[in-house]
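I have placed the structure first, in the form of structure tokens, so that the comments after it can refer back to it.
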Amino acid sequence: MSAETSGILSSFSMPKGQMTKEQRQRWKPYAELLSGNMTEKHYKLICELHADLYAHKYHEPCTCSPKRIKEWIYQINKIYGV
């Protein structure tokens, strides 16, 4: 694993390297969200997009600690271009 300058670890490969137009449209309203309350719909979108973009099995991390989901948001935003 390598540390990003933001302090978030990046441990997934990025085989696709870009989002589809449909994925970009779905992600756009959430692109800036890094804190605060998250809806179940947003949580599932993060899990779905991350699994597709980083080529891993769909997985919903435990919501008891936001560390993993914040990493995923950062990684999705990195592809999105935020």
Qualifying positions in the range 48-76 - without any contact (Cβ under 8 Å) to a residue 24 or more places away in the chain, over 16 Å from Gln23 (Cβ atoms) and hydroxyl-bearing (Ser, Thr, Tyr): Thr63, Ser65
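Residues are listed down the side, and each one gets a yes or a no for (1) modelled with pLDDT of 90 or more; (2) hydroxyl-bearing (Ser, Thr, Tyr); (3) surrounded by 12 or more Cβ atoms within 10 Å (Cβ to Cβ); (4) at positive phi:
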| position | (1), (2), (3), (4) |
| --- | --- |
| Gln25 | no, no, no, no |
| Glu32 | no, no, no, no |
| Ser35 | no, yes, no, no |
| His50 | yes, no, yes, no |
| Pro61 | yes, no, yes, no |
| Pro66 | no, no, yes, no |
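The values are calculated or read from the model by the stated rules, or taken from the named source; none is laboratory data. Computed from a predicted structure; not experimentally measured. Backbone-built Cβ (ideal geometry, glycine too); neighbour counts: all protein chains shown.
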